[in-house]
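Asker: Sharing a structure here in structure tokens format.
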Amino acid sequence: MGAGLAVKQDTSLLLRWSNGDEVKFGNARDWLTASPEGKTLDALAAPGAVFDRAAAGAWLVWLYERVCGYAHSRAGVNDIDFWESNSHVHVWGVLDRIIAETRDSRHD
């Protein structure tokens, strides 16, 4: 969100967001996609993309879908599945799982 607001350069919107107003993820992504910085990053990632949701395999689309699984407690990626309990109990290997879940290994 912060990067999208930075390229938009809308101080009023930044202040509203800082005070708790919602800024939609899709809007921030679109601002990044249209920005010179976003276009440069997307060009470097060709034939894929970082921000452009129209490009096949765009990294931010992939990451957003992945994180939404946790945010919306989808099967296999909810708190109970992640921690193997219904509270924050230490489970061996959970740090390795966090790294594996958030690492983009599609191109290894």
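Rule-based calculations on the coordinates, nothing more; no lab input. Computed from a predicted model, the values in this text were never measured in an experiment. Neighbour counts run over all protein chains shown; Cβ positions are idealised from the backbone, glycine included.
Asker: The range 1-69: D in µm²/s via Stokes-Einstein (Kirkwood Rh, Cα pairs, 10 °C, 1.306 mPa s)?
Answerer: Here the translational diffusion coefficient equals 127 µm²/s.
Asker: So, R0 is 41 Å and r is the distance between the beta-carbons of W92 and N27; what FRET efficiency does that work out to, to 0.05?
Answerer: FRET efficiency, W92 to N27: 0.50.
Asker: Continuing with the same structure: Would you mind ranking F25, F51 by Cβ crowding within 10 Å, fewest neighbours first? Present the calculation step by step, with values, prior to reporting the outcome.
Answerer: Numbers: F25 14, F51 25.
Sorted ascending by nearby Cβ count, the order is F25, F51.
Asker: Describe numerically, in nm with one decimal, the distance between label points set 7 Å from Cα along Cα→Cβ at L15 and at S73.
Answerer: About 3.8 nm, to one decimal.
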